[in-house]
Amino acid sequence: MDVKEQAQAKVTRSVVFVTGEASPYAKSGGLGDVCGSLPIALALRGHRVMVVMPRYMNGALNKNFANAFYTEKHIKIPCFGGEHEVTFFHEYRDSVDWVFVDHPSYHRPGNLYGDNFGAFGDNQFRYTLLCYAACEAPLILELGGYIYGQKCMFVVNDWHASLVPVLLAAKYRPYGVYRDARSVLVIHNLAHQGVEPASTYPDLGLPPEWYGALEWVFPEWARRHALDKGEAVNFLKGAVVTADRIVTVSQGYSWEVTTAEGGQGLNELLSSRKSVLNGIVNGIDINDWNPSTDKFLPYHYSVDDLSGKAKCKAELQKELGLPIRPDVPLIGFIGRLDYQKGIDLIKLAIPDLMRDNIQFVMLGSGDPGFEGWMRSTESEYRDKFRGWVGFSVPVSHRITAGCDILLMPSRFEPCGLNQLYAMQYGTVPVVHGTGGLRDTVENFNPFAEKGEQGTGWAFSPLTIEKMLWALRMAISTYREHKSSWEGLMKRGMSSDFTWDHAASQYEQIFEWAFMDQPYVV
């Protein structure tokens, strides 16, 4: 993106992102995408932006951190029964200060949060260190010649960073530090909250009187035995209580987290903070996801010239070994193979769908049972079904471009990115109307006042009948109403889901946060 053409913010701020992951350094999902792109979008709008995350070595020298230099700054953090030294590495890239916290607990083999045996048992310790280090970084690191200082906007992401607003309120503001700082909690997925036994609270190095901010009591049905009191500490709850503003990754999800079904036990607390709760849809990285420049596509196309899309479809059919048939609608699914993504519904619907004149391709890994089902279904329907077990970035791009329809029957979806990618590539989404899917996919209406409207189909409730109805509506529109289908494609491709659009909305949240006094004084 040309910096000269970039819209500038009215007020520029010092923004500090705290996260467990950020692309391209370390990524396990959508959180990494957001924290790799949103800081750059804010920096391009004129803000001074720092991202603080662990320096994961994964048991070897991680080449992703090759350009990060040792800052010669180190601090000792008082927690978990002693003082633990961490050091800081720094890389300046894309107008953003990328700061990496280094400690031996980030060096072990495995992925970011665990290994083949499950989650690491000391994750609470690892992310407590990250939060303490993130609070110190703006005060001690001279980046570009001077420190960020105390008037910072902390953007804390999910439970890994949730101790930051608690630390600001309990350990800094009482001593006159960070009085002019504010914090925003961004909830990407409420299902992960960082819950540990109550006996670990003294390890966190917080004053005893702050226990109530993190206190969590499991309901009786969720306790292990009759003597279990269900007492725990909950990192995410601490941030919900102490952050100045709360943001979810879509408008729909900001409402869902206040309901008993979607609130994961925090719904009443989040409802009590509804006045500072907003939803902002994630953006997509146009440098990575653009059908006119995508390096993974055999042919390029745009909203003004769609001819390359049919060629991408033919190439995908050829690559997958399916009959090359331009007249047959090609339906795709990309995602984790688990219950949340509604794979069980797809499994039940496939025998019905395979009677129709369609082709279906699935890309993903996860539940071994679903992986086995994909393989056996492929052998049963050789000319109609392909199941690619595993994940490949180039293949995901080619499926997104080559398919006519993308199916996303997720049970819940805080934001969802695949439907945004699909619309960008002229692939029409058929989704369950939940969370970010309901916010971003507008139902097709051929009889709207100003002519045809909509970018896809969002069905509800989540049943096989409703899903098949929506898919068949899409299939018949594809076959019988070519001009309507082209309108659906072009409206999707013209939608603005850029990070710049999302960044301008975050600026509004920052402005509101600084209007009020810090929530906890």
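Things worth noting here:
- Where the chain is the region considered: accessible area per residue in Å², 1.4 Å probe: 42 Å²
- Length-normalised contact order of the chain in % [C-alpha pairs under 8 Å, at least 6 apart]: 12 percent
- Loop-resident trypsin sites (Lys or Arg not before Pro) (DSSP state other than H, G, I, E or B) in segment 188-269 with no more than 14 further Cβ atoms inside 10 Å of their Cβ: 223, 224, 229.
- In the chain, the DSSP-assigned H stretches of four residues or longer account for a calculated mean residue ellipticity at 222 nm of -10000 deg cm²/dmol, using -39500 (n - 2.57) per stretch and the full residue count as denominator.
- Alpha carbon convex hull of segment 142-280, projected area averaged over orientations, nm²: 9.8 nm²
- Taking amide H positions as modeled 1.01 Å from N, with prolines and chain starts lacking one, the residues under 5 Å from residue 93 and 5 or more places away or on another chain are 98.
- Positive-end extreme of charge dipole, the chain - chosen from 105, 312, 360 (charges on Cβ): 312
- Taking the 1.4 Å solvent-accessible surface of the chain as the whole, the part contributed by carbon and sulfur is 52%.
- Angle of helix 482-494 to the longest C-alpha principal axis of the chain, folded into 0 to 90 degrees and rounded to 10: 20°.
- Which label in [x] 1.07; [y] 1.10; [z] 0.98 gives the computed Rg/Rh (Cα atoms, Kirkwood Rh): [z]
- Label-point gap, in nm, between residue 69 and residue 355 - each point 7 angstrom along Cα→Cβ: 6.8 nm
- Normalised by the number of residues in segment 404-487, the average gap of Cα pairs under 8 Å and 6 or more apart makes the relative contact order 24 percent.
- DSSP-assigned coil residues among trypsin sites (Lys or Arg not before Pro) in segment 294-327, each with at most 13 further Cβ atoms within 10 Å: 295
- Antiparallel bridges, percent of DSSP beta bridges restricted to segment 306-496 (to nearest 5): 5 percent
- Antiparallel bridges, percent of DSSP beta bridges restricted to the chain (to nearest 5): 35 percent
- Rounded to 10°, Cα long-axis angle of helix 343-353 versus longest principal axis of the chain: 0 degrees
- Taking a Cβ cut-off of under 13 Å around residue 78, the surrounding Lys, Arg, Asp and Glu residues balance to a net charge of -2, with basic ones at +1 and acidic ones at -1.
- Rounded to the nearest 10 degrees, the angle from helix 393-402 to the longest Cα principal axis of the chain is 40 degrees.
- Global geometry of segment 42-182, whether rounded, prolate or oblate, following the gyration tensor of its Cα atoms and the 1.5 cut on a/c: oblate
- Computed on the Cα atoms alone, the convex hull of segment 306-496 gives a volume of 111 cubic angstrom per residue.
- In order along segment 77-89, the phi-based Karplus estimate (6.51 cos²θ - 1.76 cosθ + 1.60, θ = phi - 60°) of 3J(HN,Hα) comes to 9, x, 6, 6, x, x, 10, 10, 8, 10, 10, 10, 10 Hz; Gly and Pro are listed as x.
- Loop-located chymotrypsin sites (Phe, Trp or Tyr not before Pro) in segment 429-521, at most 16 other Cβ atoms within 10 Å (DSSP): 447
- Spatial separation of Cα centroids for segment 273-329 and segment 33-52, in angstrom: 25 Å
- Close amide-amide hydrogen proximity is noted between residue 456 and 442, 444, each under 5 Å apart and 5 or more residues distant or on a separate chain (H modeled in the peptide plane; Pro and chain starts excluded).
The values are calculated or read from the model by the stated rules, or taken from the named source; none is laboratory data. Being a predicted model, the structure only gives us computed values, none of them experimental. Ideal geometry is used to build each Cβ from the backbone, glycine not excepted, and the neighbour counts take in all protein chains shown. Just so you know, the surface numbers come from the protein's heavy atoms only, side chains and all, with ligands and any DNA or RNA stripped out. Shrake-Rupley method; radii C 1.70, N 1.55, O 1.52, S 1.80 Å.
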